[in-house]
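The structure under discussion appears below in the form of structure tokens.
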Amino acid sequence: MTQYQPSDIASAHKALVKAQQEFDSAIKDSTNPAFKSKYAALDACVEAVQGALNNNGLFLMQRPGDGGDKSISVTTVFLHESGVEIDGGTVSLPAAKQDPQGYGSALTYARRYGLLAACGIAPENDDDGNSAVQALAQQTKKNAAAYAGVPDAPKVSAGGEASASKTSGKTLTAPTPDLSAMSVEALREQMNTLATKAKGTRAEEGVSKLIKDSAAAGGVSKVSELPKDKFIKVIQSAQELVATAAQPS
């Protein structure tokens, strides 16, 4: 561990305090396109603090690393001109997808959250990540009600329209999922649910062939890697196969 002179440490801490007094508020200037929530983008966060840090002899550095278990980590560090290094802490986030895009997105989020925490900035009502989690949870609940095959679950017709069933004197109507509003992760879950529901029914062979042929036609190894609009069409076709198989012969 590097040994610093007490006077240098004091100077570095004093510089960080002065810089913090000069920080601009991280303005919520971006909109999450999937959930229409306002949040402070990474570039806005950096711009809000970098000038004040540099003016007080501090250099901002964010070190990426392996967070373990398909996660990525970012350690925020402030380097003072005296040579003192102030550790701002480490943030680890899981990658939603195990590909460059997924890890790049996780890195951006980790840098943003890590910088805000290290600098003591808290944009008011910054709900970007929370909105995403809640939306996915709500959609998953809807999918389960419509397709999981739970007792008395309403059925969905081949045309995608919900039909009603009576249970305990009450009429239940299945929600028709808005596939275009779903994230790719939610669509993947929808496809998996349909494939599971098709097993042991007349739709099993058709759904399996649909998935295999669609992936091959698109030149991808997994059907979920197709462009979103094409993936949605595959899901809609699978829905029709499953719904048709559920009807009496």
Zone residues, region 102-123, relative to GLU185, backbone N less than 15 Å from point 7 Å out along Cα-to-Cβ | 102-110
Diffing region 103-116: the Karplus 3J(HN,Hα) column from phi (6.51, -1.76, 1.60, θ = phi - 60°), in whole Hz with x for Gly and Pro, holds 5, x, 5, 5, 4, 4, 5, 5, 4, 5, 5, x, 5, 4
With each pseudo-label sitting 7 Å past Cα toward Cβ, what's the ASN192-HIS13 distance in nm, one decimal?
-> 4.9 nm
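Bear in mind that the values in this text are calculations on the coordinates, not laboratory data. Remember, predicted model here, so these are calculated numbers, not experimental data. We place every Cβ from the backbone using ideal geometry, glycine too, and count neighbours over all the protein chains shown.
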